[in-house]
1. Determine whether Ser61 is exposed (fewer than 11 other Cβ atoms within 10 Å of the Cβ) and in a loop (DSSP other than H, G, I, E, B).
2. Tell me which residues, restricted to the stretch 81-97, are out of contact with any strand residue (DSSP E or B) (no Cβ under 9 Å at 6 or more places or on another chain) and touching a residue at least 24 places away in the same chain (Cβ under 8 Å).
3. Which of the residues belonging to the stretch 68-83 are surrounded by 11 or more Cβ atoms within 10 Å (Cβ to Cβ) and of a type in the set (A, V, I, L, M, F, W, C)?
4. Starting from residues that are touching a Lys or Arg at 6+ places or on another chain (Cβ under 9 Å) and not in a loop (DSSP other than H, G, I, E, B), keep the ones in the stretch 37-58 and report whichever is modelled with the lowest pLDDT.
Amino acid sequence: MYVAHVTQSHAPVTRRWNSPVLATVYRSAQLSDGHPIVSHAKFVVVDHEIILLTSANFSYSAETCNIEFGLLIRDSGLAASIEFTMSSKHGSLYMLTDG
């Protein structure tokens, strides 16, 4: 999953609770033959300004057992570029999650 934007001051809520959506979460799309597009990249963009780009999975074992590498970048231009790219690839490479 790829979180394209999270509002830093609030915890993300899922869509199924009919609450305001504070995060946009993408997942890999499927090819026309039904096979999923595989991507290992993980990133989060916070408040259109802060980017966390990491090798880590967002899981307990990644936090406690694995050696991972990540970058925390504060760059609104880069954040805007990432958000634009994710939006432009919606439907072809990435799909919005159903929450």
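The values are calculated or read from the model by the stated rules, or taken from the named source; none is laboratory data. This one's a predicted model, so the numbers in the text were calculated from it and none came from an experiment. Cβ sites come from the backbone with ideal geometry, for glycine too, and all protein chains shown count toward neighbours.
1. Values: exposed (fewer than 11 other Cβ atoms within 10 Å of the Cβ): yes; in a loop (DSSP other than H, G, I, E, B): no.
In short, no.
2. Gly91, Ser92
3. Leu72, Ile73, Leu78, Ala79, Ala80, Ile82
4. Narrowing the stretch 37-58 to residues touching a Lys or Arg at 6+ places or on another chain (Cβ under 9 Å): 49-58.
Narrowing the set further to residues that are not in a loop (DSSP other than H, G, I, E, B) leaves 50-54.
Values: Ile50: 93, Ile51: 93, Leu52: 92, Leu53: 91, Thr54: 87.
It comes out as Thr54.
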